[in-house]
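All of the numbers you see were taken from the coordinates with simple rules; none came from a lab. Just so we're clear, the structure is a prediction, and the values are computed from it rather than from any experiment. Every residue, glycine as well, gets a Cβ built from its backbone with ideal geometry; the counts of neighbours run over all protein chains shown.
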Amino acid sequence: MTLTNTATRYGGVAKTLHWLTALGILVMIPLGILANDAPYATSAELADKAFLFSIHKTLGITIFFLALIRILWALSQPKPAPLHPERRLESWLAETVHWLLYGSLLLVPLTGWMHHAATSGFAPIWWPFGQSLPFVPKSEGVAEVTAALHIILERVLLVSVVLHVAGALKHHVIDRDSTLRRMLPGRTEAGDVRHGHRRLVPLASALMIWGVAIGAGAGLGVFEHEASAAQVAALDEVESDWTVQEGTLSIAVVQMGSEVTGSFADWTADIAFDERDGPGKAGEVTVTVAIGSLTLGSVTSQALGADFLAAEQFPTATFAADIVRVADGYEAQGTLSLRDTDVPVTLPFQLTLDGDTARMEGRTTLDRRVYDIGDNMSDEGQLGFSVDLSVQLTATRLPES
């Protein structure tokens, strides 16, 4: 068996790439479904789910590069002539399906890879080249869009594979021609070299099908963000000596060896503060946080669930503290009430005053275990015990009446 194609026969390289790709698809699709549906309520289940997803992602990258090699090889080789050029409709359908297959074999793993690169933590790709992609930021919005495209394009690939297999079986069983045999081991030659392939019309048809599929997916809500089941608590307005103009309240935790960051969108701060020259109490602060307003990348729903922050049962958290001047800055020394548990917490911070405007930055570390958060995740290698809490804000003093 020769390695290269001729006008009437596929060579050994084309056949090998074809069947390796087919094997990859047969493993890839059911593995992805299995990984997606796998439970993750315990450390063992999460480890199994991550293992399945890592296999799925690593195999997907392999298929991407295998498909790229296959396409480049196909472009460098003559394509064996069609066996039934007089069947124009059938030939058009076959060529369209081939375009859909080639394109989907690149687009499906690529969108999955982009989704992986846009998120943090959980189920790494098993290779030494890192988990990121150029020009793909860590972004929840990018992750949502690429996840939706991955799902839609995977459906197109699945339908294309079914049509391709059905066509091959039709040629082999009903027509009894050499279409399938040309892709099997051996030197089967068939086709009239006087007839070539029409490429532009089938390519345009494939592009239209992808467009229709994406439009249909959008109409079915595939691109819509799945809202958390937790309701965001409505916080009362506070009358404070200092009004927060802008700020962020963020957390970071290590999951599967990667840092996952998120933030709370809704929180209030009641601040009483007067600058002092020496050490001692300088004021008080009470911060109330709507737990349901947390976004934590792809694990937001899990983080808000009953095993973790339990946002439905405990919709708010409160930090009530004294503001104390210390030797190297300030500290908020108080109690964090979270999940009906009160724990002393000290938040060191730096403060910059410019007239009636104050800017502060602070950070502390919490231990999730003292709040019974994620008790089912006892393996720190899967989910870190430490949670970094950081706050940045700009506040202005109300004018004296």
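Structure notes:
- Neighbours of LEU180 by Cβ distance under 12 Å: Lys/Arg scored +1, Asp/Glu scored -1, total +3.
- Rounded FRET efficiency, nearest 0.05, which uses the C-beta distance separating LEU158 from HIS84 and R0 of 45 Å: 0.95
- Global geometry of segment 12-219, whether rounded, prolate or oblate, following the gyration tensor of its Cα atoms and the 1.5 cut on a/c: prolate
- In this rough spin-label picture, where each label sits 7 Å from Cα along the Cβ direction, the LEU68-LEU93 distance is 3.4 nm.
- Cα-based shape type of segment 242-397, given that a ≥ b ≥ c are square roots of the gyration tensor eigenvalues and the cut on a/c is 1.5: prolate
- Gyration tensor (Cα) of segment 19-96, equivalent ellipsoid semi-axes in angstrom: 38, 15, 7
- Formal net charge of residues neighbouring GLN333 (Cβ-Cβ distance under 10 Å; K, R +1; D, E -1): -1
- Among 305-318, 202-215, the order from most to least packed when residues are scored by Cβ within 10 Å on average: 305-318, 202-215
- Projecting the Cα atoms of ALA47, PRO399, LEU93 onto the dipole axis of the chain, where Lys and Arg carry +1 and Asp and Glu carry -1 at the beta carbon, places LEU93 farthest toward the positive end.
- √(5λ) per eigenvalue of the Cα gyration tensor, the chain, largest first, Å: 60, 20, 18
- Length gained when the stretch ALA44-ASP375 is fully extended (0.36 nm per residue, less Cα-Cα span): 117.9 nm
- Each peptide among 273-280, 73-80, 60-67 gets the average number of other Cβ atoms lying within 10 Å of its residues, and from highest to lowest they stand as 60-67, 73-80, 273-280.
- Virtual paramagnetic centre 7 Å along Cα→Cβ of VAL238, amide N under 17 Å, in segment 283-309: 283-293
- Each Lys and Arg adds +1 at its Cβ and each Asp and Glu adds -1 at its Cβ; summed about the Cα centre, segment 267-372 shows a dipole of about 280 debye.
- Sites ASP37 and ARG187 - FRET efficiency at Förster radius 41 Å, r taken between beta-carbons, to 0.05: 0.40
- Legend: distances between Cα atoms for LYS57/LYS79; LYS49/LYS138; LYS57/LYS138; pairs beyond 25 Å are LYS57/LYS79.
- Here r is the Cβ-Cβ distance between TRP19 and VAL142 and R0 is 30 Å; the resulting FRET efficiency, rounded to 0.05, is 0.30.
- Prolate/oblate/rounded call for segment 255-294, Cα gyration tensor, a/c under 1.5 rounded: oblate
- Between segment 52-126 and segment 243-279, the C-alpha centres lie 45 angstrom from each other.
- Farthest positive-ward along the chain dipole, Cα basis, beta-carbon charges - from LEU158, HIS18, LEU3: LEU3
- Charge tally for ALA168 (other residues, Cβ to Cβ under 11 Å; Lys, Arg +1; Asp, Glu -1): +1.
- Extending 7 Å from the Cα toward the beta-carbon at both ASP342 and THR357 defines two label points whose distance is 3.8 nm.
- Ranked packing of 95-107, 347-359, most packed first, by mean Cβ within 10 Å: 95-107, 347-359
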